[in-house]
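Here the structure is laid out as structure tokens; the discussion comes afterwards.
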């Protein structure tokens with residue numbers, strides 16, 4: 001039996017793709033320098049429209065338009081809107097919120113580098129999503145996204161992986177589509 005073990009190496013600030021025990025990782029979570037903030041919450045807000053309880057990112061720590069990789073994180077607190085009700089007595093970050101965090105990393109990357117050519121990108125779909133472990137208050141959820149395909153003006157497809165420390169907690173594929181901002185702002189969307 002042959003087991004492929006590759007290591008993720010940072011050369012000149014660029015992450016290199018790896019496989020660990022046969023799992024194709026977007027990045028090695030142990031290699032992320034959390035002190036190197038690429039975008040704080042104010043910079044994220046310039047790209048992403050979500051506010052207050054729906055802001056699911058604390059910072060972006062890696063963003064490379066050449067490789068199509070972006071890494072951000074969310075410091076999960078005891079004050080999350082879901083912590084008292086999902087689930088009572090044992091707060092557990094909902095999987096849909098993990099997916100939202102991944103969507104916001106992808107949205108930031110797309111807006112920052114004008115990949116989709118739209119003002120705001122919204123959810124277009126999810127595929128092959130798996131939840132492998134839990135995320136609870138006081139943990140840091142790190143999300144890595146890698147662009148797989150872009151049809152400018154139509155759709156962007158990415159894969160994502162979420163980690164707590166070095167443990168893979170979720171993964172999947174996500175699609176983003178341009179939102180009809182004019183229709184949404186004047187209330188005529190869906191009519």
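Structural remarks
- Residue tally, condition crowded, with 18+ Cβ neighbours inside 10 Å and either within 12 Å of the chain's Cα centre (by Cα) or modelled with pLDDT under 95 (or both), over segment 64-79: 6
- Test: residue 118 is buried (at least 19 other Cβ atoms within 10 Å of the Cβ) and more than 17 Å from the chain's Cα centre (by Cα): yes
- So residue 113, is it free of Cβ contacts under 8 Å to residues at least 12 places away in the same chain and surrounded by 13 or more Cβ atoms within 10 Å (Cβ to Cβ): no
Here is a yes/no grid of residues against (1) within 21 Å of residue 173 (Cα to Cα); (2) outside any loop (DSSP other than H, G, I, E, B); (3) at pLDDT 60 or above; (4) under 15 Å from the mean Cα position of the chain (by Cα):
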site	(1), (2), (3), (4)
1	no, no, no, no
19	yes, yes, yes, no
30	no, yes, yes, no
35	no, no, yes, no
42	no, yes, yes, no
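- Among the residues of segment 82-128, the ones that are farther than 22 Å from residue 41 by Cβ and in a loop (DSSP other than H, G, I, E, B) come to 12 in all.
- Residue match in segment 138-150 (condition: out of contact with any strand residue (DSSP E or B) (no Cβ under 8 Å at 6 or more places or on another chain), surrounded by fewer than 19 Cβ atoms within 10 Å (Cβ to Cβ), without any contact (Cβ under 8 Å) to a residue 12 or more places away in the chain and in a strand (DSSP E or B)): no
- Residue count for segment 169-187 satisfying the condition of being farther than 13 Å from residue 129 by Cβ and in contact with a helix residue (DSSP H, G or I) (Cβ under 8 Å, 6 or more places away or on another chain): 1.
- Restricting attention to segment 95-110, the residues that are within 22 Å of residue 79 (Cα to Cα) and crowded, with 16+ Cβ neighbours inside 10 Å add up to 10.
- Test: residue in segment 68-76 that is at positive phi, touching a helix residue (DSSP H, G or I) at 6+ places or on another chain (Cβ under 9 Å) and either in contact (Cβ under 8 Å) with a residue 24 or more places away in the chain or not in a loop (DSSP other than H, G, I, E, B) (or both): yes
- Here residue 131 does not fit the description of being modelled with pLDDT under 95 and touching a helix residue (DSSP H, G or I) at 6+ places or on another chain (Cβ under 6 Å).
The values are calculated or read from the model by the stated rules, or taken from the named source; none is laboratory data. The structure displayed is predicted, hence computed values, not measured ones. Here the Cβ is made from the backbone with ideal geometry for all residues, glycine too, and neighbour counts use every protein chain on show.
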